[in-house]
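J.: Have a look at this one.
The values are calculated or read from the model by the stated rules, or taken from the named source; none is laboratory data. Please read these numbers as outputs of a predicted model, since none were measured by experiment. Methodologically, a virtual Cβ is constructed for each residue, glycine included, from the backbone with ideal geometry; neighbour enumeration extends over all protein chains shown.
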Amino acid sequence: MLLYNTLTHKKEPFVTAEPGKVKMYTCGPTVYHYAHIGNLRSYIMEDVLEKYLSASGNKVLRIMNITDVGHLTSDGDTGEDKMQKAVKREHKSVMSIAQFYTEAFFADCVKLNIKKPEIVQPATGCIPEFIATIEKLIEKGYAYLAGGNVYFDTSKLEQYYVFHDFKEEDLDVGVREGVEADENKRNKADFVLWFTKSKFDDQELKWESPWGLGYPGWHIECSCIGMKYGGETLDLHCGGIDNAFPHHTNEIAQSEAFLGHSWCKHWFHVLHLNTNDGKMSKSKGEFLTVSLLEQKGYSPLAYRFFCLQSHYRKSLVFSWENLDNAAGAYNKLVAKIGTLLNNTDTVDEAKKAELLKPFTEAMDNDLNTALAITAVYDALKSDANAATKLSAVEAMDQVLSLGLIDAAKASADKAENTEIPAEVLALVEARKEARKAKDFAKADELRDQITALGWQIRETRQGTEITPIQ
Ligand SMILES: [Zn+2]
């Protein structure tokens, strides 16, 4: 399989240290709030990658951390601990917030058909490992104490900006935002491994350490958790592109300084989801979560389909219109598959292999899920019999995880005449008028009312489609 590697800036064959085994690390969520659908795009694409690697005959060990301490609002060493921010917002303890949003995250994953990694490790469960690693880094001369905190000394490395995309000027971002520079740092790029002194004395979680009562920096947790379960090397490290710098850069710096050799050969980054106003988490003031999609009548799997329709290395623009189009296409695809159910044909294995070939080619070419979906359509259009088509689609959907067959069965079960109530029809009509008058706020409000009555509407080229919410 060819897979783009952020480290080398090119597509290259994905090769693991041990043939047939993949050690895959994923940066997990910071559990201070619900995940927004932009974050979830990364997890969807990583899930497809994991499933494709498994389907190709590999045994995948997937490791994920849960950040429940040390992640500051700036991603660097400035700002406030995100968990502490949630404590102020919700007046609960850090641990109860962490538990609540960890569960919420995995509930979203279930709805999006994202498999839970074999190993899920909260950062607060590995404090002794962090301390031991930091001690060794100090011993090897890669870390220093200043003003009570322990810092990683980036000047000791031959190369710090491993992804080549970043220059020292990029680090001025914090300064531009009016955040005070940390005077304890010897070099601008240095970062905190352990905090004992910080601006926020109300930090709830603190642990004893050789440097005093404190807590770990964010980056050290992924290095230590990766090594705890993956050993001295990883085959694949994943995350959103916003993790590449400084988080992954710092992970590499400290891991390789600690180990004395290279750590992870292949880095997989998923690009952003943006709304038209350039934001990733909100649209017109609404925080974009899986629950919001459901409230508006969209199946979470339609969102998964929307993500898979585009390549992971391209930014994806989210709008309700774009999601409408994806949901419409998804439902049509499901309906098409529905017509193949209850056939009495036998699967033609040779023909099925032929149908699967373009799918494999697409996935082998840097996880081209858009082309892989085309392969699903082409299989349905082919001259194969119904059983063969169905069997090929099922095999492809084991990787894509769009729940196509289940959705087709469910909608076949619901095919009995569902009559649209007059009240819903009247609201649909009113919404049409509001849209014509470009009163989109009113149109949105009417849509919400229709949804509340258990119906979903979608604009298609043929007009407005009204279907019951499953
Ligand atoms: Zn990480």
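J.: Just to be sure I understand, how many residues within the stretch 204-256 are within 11 Å of the ligand (Cβ to nearest atom) and either closer than 14 Å to residue 123 by Cα or not assigned by TED's automatic domain parsing to the domain that holds residue 77 (or both)?
T.: 9
J.: Which residues, taken from the stretch 115-129, are within 19 Å of the chain's Cα centre (by Cα) and either assigned to a helix (DSSP H, G or I) or not assigned by TED's automatic domain parsing to the domain that holds residue 66 (or both)?
T.: Selection gives 123 alone.
J.: Separate question: If you scan the stretch 188-203, which residues turn out to be away from the ligand (no atom under 16 Å from the Cβ) and either of a type in the set (Gly, Ala, Ser) or not in a loop (DSSP other than H, G, I, E, B) (or both)?
T.: Result: 189, 194, 195, 198.
J.: Name, by its number, the condition in (1) more than 30 Å from residue 304 (Cβ to Cβ); (2) modelled with pLDDT under 90 that does not hold for residue 163.
T.: (1)
J.: If you don't mind, there's one more thing I want to ask. Could you tell me whether residue 23 is part of a loop (DSSP other than H, G, I, E, B) and basic (Lys, Arg)?
T.: No: the conditions fail for residue 23.
A quick yes/no check of all residues on (1) polar (S, T, N, Q); (2) under 17 Å from residue 402 (Cα atoms):
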position: 291; (1), (2): yes, no
position: 299; (1), (2): yes, yes
position: 303; (1), (2): no, yes
position: 315; (1), (2): yes, no
position: 336; (1), (2): no, yes
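J.: Then there's this: Sort out which residues of the stretch 60-88 are part of a strand (DSSP E or B), charged (D, E, K, R) and at pLDDT 85 or above, and write them in order of number.
T.: Once the filter is applied, which keeps residues that are part of a strand (DSSP E or B), charged (D, E, K, R) and at pLDDT 85 or above, the stretch 60-88 yields only 62.
J.: Looking at (1) of a type in the set (A, V, I, L, M, F, W, C); (2) under 30 Å from residue 1 (Cβ atoms); (3) within 34 Å of the chain's Cα centre (by Cα), which is the one condition that is false for residue 410?
T.: (2)
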